[in-house]
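Just so you know, all these numbers are worked out from the coordinates, no wet-lab data involved. Everything numeric in this text was worked out from a predicted model, so none of it was measured. Neighbour counts are summed over all protein chains in view; Cβ atoms, including those assigned to glycine, are modelled from backbone coordinates with ideal geometry.
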Amino acid sequence: MPGAGKTSLILGTLRELGDRARIGVIEGDIAGSIDTEKVLSGGAQDAVQINTGGNCHLEANMIDRALDDMDLSALDIILIENVGNLVCPSHWALGEHLKLCLLGAAEGHDKPVKYPEIFAVSDVIILNKIDLIEHVDFDRTFFCESVRALNPHAPIFEVSCRTGAGLAGWTDWLLDQRVRVQVGEEVACVSH
């Protein structure tokens with residue numbers, strides 16, 4: 001969703017990983033290149049902007065063209081930031097190996113019930129802005145039980161991209177997935 005912290009998560013991931021992984025980013029937005037500029041200045045090895053011109057999601061052919069503009073041999077992980085909503089991205093396969101669903105605590109604990117498909121198909125769920133939970137109406141138990149009813153296996157990471165809380169657990173998990181790719185298991189890119 002807009003404002004959930006997608007770009008902030010990428011920036012926090014870049015900071016936390018440091019030199020442990022070379023990260024490329026594909027930024028999807030309706031217009032503009034603000035986020036691409038942010039991730040490049042935040043330490044991404046490479047970044048490509050895709051503007052959809054009004055479409056609510058990226059598509060595989062867009063990703064294919066963006067990958068042509070990247071030096072894949074110089075990257076360990078590619079993060080794809082899809083256009084911000086919880087509906088359209090769940091319907092379009094991008095060729096990613098992992099699908100990430102990101103939700104900000106201020107958006108409410110009821111989102112898994114309202115938008116079940118994205119939570120059901122995601123390989124990992126990240127709850128961002130946990131530093132705001134005590135200031136907003138967010139029921140952790142309801143949220144976790146709702147996610148588990150849809151997706152019993154995806155890890156749920158609670159993070160604050162602003163303070164850095166929880167990012168180490170997320171990035172350690174991400175690096176573990178990258179290692180699995182190197183030994184032949186099917187995991188590589190992360191999109192949300």
> How far apart, in nm, are the 7 Å Cα→Cβ label points at Leu132 and Asp110?
Replying inline: 1.7
> So what are the ³J(HN,Hα) numbers for region 136-145, from phi and the Karplus equation (6.51, -1.76, 1.60; θ = phi - 60°), rounded to whole Hz, Gly and Pro as x?
Replying inline: 10, 7, 10, 9, 4, 4, 4, 4, 5, 5
> Which of the lysines could a cross-linker bridge to Lys111, judged by Cα under 23 Å and excluding same-chain residues fewer than eight apart?
Replying inline: Lys6, Lys99, Lys129
> Hey, what number do you get for the chain at 222 nm if only DSSP H runs of n ≥ 4 count, each worth -39500 (n - 2.57), divided across all residues, to the nearest 500?
Replying inline: -10000 deg cm²/dmol
> Which cross-chain or sequence-distant (5 or more) residues have an amide H under 5 Å from the amide H of Leu58, H modelled 1.01 Å from N in plane?
Replying inline: Val83
> Between Val25 and residues 5 or more places away or on another chain, which pairs have amide H atoms under 5 Å apart, with H built 1.01 Å from N, and which residues are they?
Replying inline: Asp46, Ala47, Val48, Leu79
>> Can you give the FRET efficiency to the nearest 0.05 for Arg15 and Cys144, using r as the Cβ-Cβ distance and R₀ = 25 Å?
In response: 0.40
>> Whole-Hz ³J(HN,Hα) for each residue in region 60-70, computed from phi via Karplus 6.51 cos²θ - 1.76 cosθ + 1.60 with θ = phi - 60°, x for glycine and proline: what do you get?
In response: 4, 5, 5, 5, 4, 5, 5, 5, 4, 8, 10
> How large is ³J(HN,Hα) for each residue in region 45-51, as worked out from phi by the Karplus curve 6.51 cos²θ - 1.76 cosθ + 1.60 (θ = phi - 60°), to whole Hz, x for Gly and Pro?
Replying inline: 5, 7, 8, 10, 9, 10, 9
